[in-house]
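Worksheet: the structure to be examined is printed underneath.
Any read-out appearing in this document is the output of simple, stated calculations on the displayed coordinates, not a laboratory observation. All values reported here derive from a predicted model rather than from experimental measurement. Here Cβ is always computed from backbone atoms with ideal geometry, including for glycine, and neighbour counts include all displayed protein chains.
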Amino acid sequence: MVYIPTKQLTVEQFIAQYGDDLRYELADGELVDMEPTGPHEAVSGKVAARLILAIAQANHPWLIPRTCLIQPELSTATARRPDVIVLDETELSEEPLWQRQSIISSAKSIKLVVEVVSTNWENDYARKVEEYANFGIPEYWIVDFRGLGGTAFIGRPKQPTFIVATLDGYDYNQVQYRLGQPSQSPLFPELSLQLDDLMPR
């Protein structure tokens, strides 16, 4: 991810200028180029495919939109574009912008957010952890398939890591999984998912 030096943007200006461009999100008024690579997109696609199957098998009224922005109600200058997001379709009628734009402004609509780690790993491990927890998103997955995160987050030696974070009050409880270790998700208890299943070929 690259921060692009520019004048500060409001969420409305960002949506008008970059809302349809999947490369960008907004953080505190600054335009962020997420620079998605092929392997990054392959991992995101594999996560989404596994989740779509799990949602269908459990018969949940949930969906994964192709594109979606998160605009927290209290934020005036941030609009996040998660790599994968699971929405509760029964809550979307209460979303003020949903009928016109793929924008979510209520945490009640969100079941899960997934971020696939790229070179600007600090956002996924620190900034977004805080933002998503403050917003009230119940579950957050971090897929660090290249082991890019700092050792304070993924330990030493650095290696591919999959984190399932569940909201407990105002903070996330985080559990790390490495290659060969089956993960456990409170949201998807029947889903047997390993980091190995998500790695690019």
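Summary of values
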| item | result |
| --- | --- |
| Protection proxy ranking of 149-161, 103-115 - average other beta-carbon atoms within 10 Å, highest first | 103-115, 149-161 |
| Farthest toward positive dipole pole in region 90-163 [+1 Lys/Arg, -1 Asp/Glu at C-beta], among Asn123, Pro138, Pro96 | Asn123 |
| Out-of-range pairs (alpha-carbon distance over 27 Å; input Lys7/Lys158; Lys46/Lys111; Lys108/Lys128; Lys7/Lys46; Lys7/Lys111) | Lys7/Lys158; Lys7/Lys46; Lys7/Lys111 |
| MRE, 222 nm, helices only [DSSP H, n ≥ 4, -39500 (n - 2.57), over the chain, to nearest 500] | -6000 deg cm²/dmol |
| Positive-end extreme of charge dipole, region 141-201 - chosen from Pro186, Gly169, Ile154 (charges on Cβ) | Ile154 |
| Neighbourhood charge, 15 Å Cβ-Cβ cut-off, centred on Phe145 and excluding it, Lys, Arg +1 and Asp, Glu -1 | -1 |
| Gained length - Arg23 relative to Lys7, 0.36 nm times residue gap less alpha-carbon distance | 3.9 nm |
